[in-house]
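Right, one structure below, let's go through it.
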Amino acid sequence: MSKTTTSSFGLWTERFVAAVLLGGQVAVHVLRGRFYRRNLLEQMVVVGPQSLLIALLTAGFVGAVFTIQVAREFINLGAGNFVGGVLALALTRELTPVLTSVIVAGRVCSAFAAELGTMQVTEQIDALYMLRTDPVDYLVIPRVIACCLMLPLLTILCLVVGVGGGLVISINFYNISSTVFLDSVRNFLTIWDLVSGEIKSFVFGAVIAVVGTSWGLTTTGGAKGVGESTTTAVVTALLSIFIIDFFLSWLMFQGTTSSVL
């Protein structure tokens with residue numbers, strides 16, 4: 001391993017540890033009720049409405065593609081009435097929480113890292129300290145709360161659109177009636193499936209915000225450093241989402257019995 005690679009990995013490790021510590025700070029400050037509500041509303045707009053269209057488009061086409069992949073095989077096996085339920089389970093447990101988080105990570109995590117990174121290299125963060133304003137309260141916590149609140153809402157909307165996309169494909173291409181499709185959805189889904197997807201979205205939202213803001217606050221090296229922080233923050237957030245998703249899925253759905261709340 002070259003010295004450059006070793007140095008980069010060491011720097012990444014330091015920044016990752018800093019992100020974990022920042023997450024702990026956020027938890028403590030939130031429990032104390034220390035954050036700026038006006039900033040929170042602004043960040044909720046950034047995370048939610050501004051990400052809505054691309055998230056819904058993605059969910060609709062993912063639902064349609066998934067239906068195309070499974071409907072024919074299920075019909076050949078005489079299980080065409082299960083298509084809606086299988087699609088709903090896949091979307092609820094995995095596809096919508098993960099894909100929505102990936103979209104938000106690409107949009108929001110990069111924006112957080114770039115914005116706070118620019119503030120860091122232009123000494124605006126130091127100016128906040130001079131004004132006796134804690135950057136964690138003013139900059140980080142509103143973004144974390146916004147992601148934790150808006151990502152579950154986006155996930156629910158994407159779930160509805162994804163199921164709708166699968167329904168359209170089932171009706172028009174595989175002659176599966178809407179009644180059969182929706183009955184299958186109702187029979188397969190449980191409350192726990194919906195709750196588990198929301199839990200994942202909440203956790204992923206926190207990860208996206210903490211990684212993006214932490215990488216921004218630890219930016220050095222001027223404009224080049226801002227670009228590197230933005231790229232690395234998104235990659236780190238995506239990797240963290242996939243790893244955490246594995247462990248959450250293992251905890252929530254391990255075993256062979258049906259998941260019930």
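The values are calculated or read from the model by the stated rules, or taken from the named source; none is laboratory data. Every value quoted in this text rests on a predicted model; they were computed, and no experiment measured them. Methodologically, a virtual Cβ is constructed for each residue, glycine included, from the backbone with ideal geometry; neighbour enumeration extends over all protein chains shown.
Mind listing just one residue for me: the one in the range 45-89 that is within 16 Å of the chain's Cα centre (by Cα) and among the polar types (S, T, N, Q) and, of those, surrounded by the fewest Cβ atoms within 10 Å (Cβ to Cβ)?
GLN50
Can you tell me which residue among VAL260, VAL185 is part of a loop (DSSP other than H, G, I, E, B), at pLDDT below 95 and in contact with a helix residue (DSSP H, G or I) (Cβ under 8 Å, 6 or more places away or on another chain)?
Testing whether each residue is part of a loop (DSSP other than H, G, I, E, B), at pLDDT below 95 and in contact with a helix residue (DSSP H, G or I) (Cβ under 8 Å, 6 or more places away or on another chain) leaves just VAL260.
Name the single residue, out of those in the range 94-143 being part of a helix (DSSP H, G or I) and hydroxyl-bearing (Ser, Thr, Tyr), that is farthest from THR58 (Cα to Cα). Full working, then the answer.
Start the filter on the range 94-143 by keeping residues that are part of a helix (DSSP H, G or I), which leaves 94-121, 124-130, 135-143.
Then keep just the ones that are hydroxyl-bearing (Ser, Thr, Tyr); that gives 96, 100-101, 110, 118, 129, 138.
On the way: THR96: 9, THR100: 8, SER101: 12, SER110: 19, THR118: 30, TYR129: 41, TYR138: 32 Å.
In this case the residue turns out to be TYR129.
Kindly evaluate PRO49 against the criterion of being touching a Pro at 6+ places or on another chain (Cβ under 9 Å) and farther than 30 Å from THR220 by Cα. Outline the logic, then answer.
On the way: touching a Pro at 6+ places or on another chain (Cβ under 9 Å): no; farther than 30 Å from THR220 by Cα: yes.
No: the conditions fail for PRO49.
Residues checked against (1) under 21 Å from THR219 (Cβ atoms); (2) crowded, with 16+ Cβ neighbours inside 10 Å; (3) of a type in the set (A, V, I, L, M, F, W, C):
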{"residue": "GLN124", "(1), (2), (3)": "yes, no, no"}
{"residue": "THR133", "(1), (2), (3)": "yes, no, no"}
{"residue": "VAL136", "(1), (2), (3)": "yes, yes, yes"}
{"residue": "LEU157", "(1), (2), (3)": "no, yes, yes"}
{"residue": "GLY162", "(1), (2), (3)": "no, yes, no"}
{"residue": "ILE176", "(1), (2), (3)": "no, yes, yes"}
{"residue": "ARG186", "(1), (2), (3)": "no, no, no"}
{"residue": "THR190", "(1), (2), (3)": "no, no, no"}
{"residue": "GLY205", "(1), (2), (3)": "no, yes, no"}
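When GLY33 is evaluated against the numbered criteria (1) touching a Ser or Thr at 6+ places or on another chain (Cβ under 8 Å); (2) outside any helix (DSSP H, G or I), which criterion, by number, is the only one it fails?
Status for GLY33: all satisfied but (1).
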